[in-house]
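A short worksheet on the structure shown next.
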Amino acid sequence: MALVSELTERAFAARRQRDWDQLDALVRTVQGRGLRRLMPEQIAQLSPLYRDVCADLSRAQGSRYSAPLIDYLQGLTAAAHTVLYGYGRGRWVLPGVAGGGLRLALDAFPRAVRRHWVAMVIAFLLFFVPFFFGLFATLNDPSFAVRIVPEEMLRPLVQAYKEGFDSGRGAGLDAAMAGFYVNNNVGIALRCFATGFFFGVGSAFYLVENGLVTGAIMGYVAANGAGDNILTFVVGHGSLELGAIVLAGGAGLSLGWSIVAPGDRTRVASLQATARSVVTIVLGAAVMLFMAAAVEGFWSSSSLPALVKRSVGALMFVLVMAYIVFAGRGSGAAAAAERAERADRWT
């Protein structure tokens, strides 16, 4: 049987090698130089060749061909994937930035989120179910928050939000607080992601913990008469900050699941394949957190009317959701990439 399998693998590789070599040559030409190095007919060949090599990889894994062949196809697929994500329509590429940094932000990031949508939904529930539980439990009984968060931390928050932000804050304090928010929020998101390596359990724990703590704090402040002020403060940056934490947690869950259920791959190969896309999610979440820190430090604490802040916050939520759901669709390369990825998506 082993001899038959080896002969079948050789025949498969011999039949497909020409297309693999052609795709490899195209990828090497594009990397670091852009699509302008290719002729129009070569550009048209990229998507079909990429789809075919994804199908070849799936067949090789399903037939349990040798590790060297599977590793070769995984590497070729990853390189072609990067080219399709990083270049595509030339007007989005930043010269001198490998893969096109702006393209990564506008295209690859939301596609990676959608690729791991199941993990993102689970992360959303793990954060917001405890959040609302903590919020309503504390509104019903303010002492609930004290069991979760030290009272010496809660009292200053109540005092600060009771005073409100009618007079704003000094520019120096705004900058200092923005730096604090970056450090604090990035640390939370990194824990939600990095601990996913432990079979996803760490990510789940930190999502639940942060959701519960956040809800309890907001409930405690609201129960002490400052609910309108904390809502006005949070609404401006909440969609970016909380959204980034959920996305980072979802990336951690995906990472953990790739180890728990590797499918036809080895656990190491499954982890490597998943890491390529979840790293894109983490980078995007980091950008969202920096944006949230800027909004929180300079906008949320400003003396602008509450109606303006809440209206802009609602608009920000709509824009973030629309970006995640719709960005990166439409182009031929985007459609080809998403179709090819469906075989590799965990559900």
Which listed residue, of Gly249, Gly256, is at pLDDT 90 or above, touching a Leu at 6+ places or on another chain (Cβ under 6 Å), of a type outside the set (D, E, K, R) and in a helix (DSSP H, G or I): Gly249
When every residue in the stretch 267-323 that is touching a residue at least 12 places away in the same chain (Cβ under 8 Å) and in a loop (DSSP other than H, G, I, E, B) is compared, the one surrounded by the fewest Cβ atoms within 10 Å (Cβ to Cβ) is Ser303
Ala244: in a helix (DSSP H, G or I) and farther than 15 Å from Phe317 by Cα, yes or no? no
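The values are calculated or read from the model by the stated rules, or taken from the named source; none is laboratory data. Values in this document were obtained by computation on a predicted structure and should not be read as measured data. All Cβ positions, even for glycine, are placed from backbone atoms using ideal geometry, and neighbour counts span all protein chains on display.
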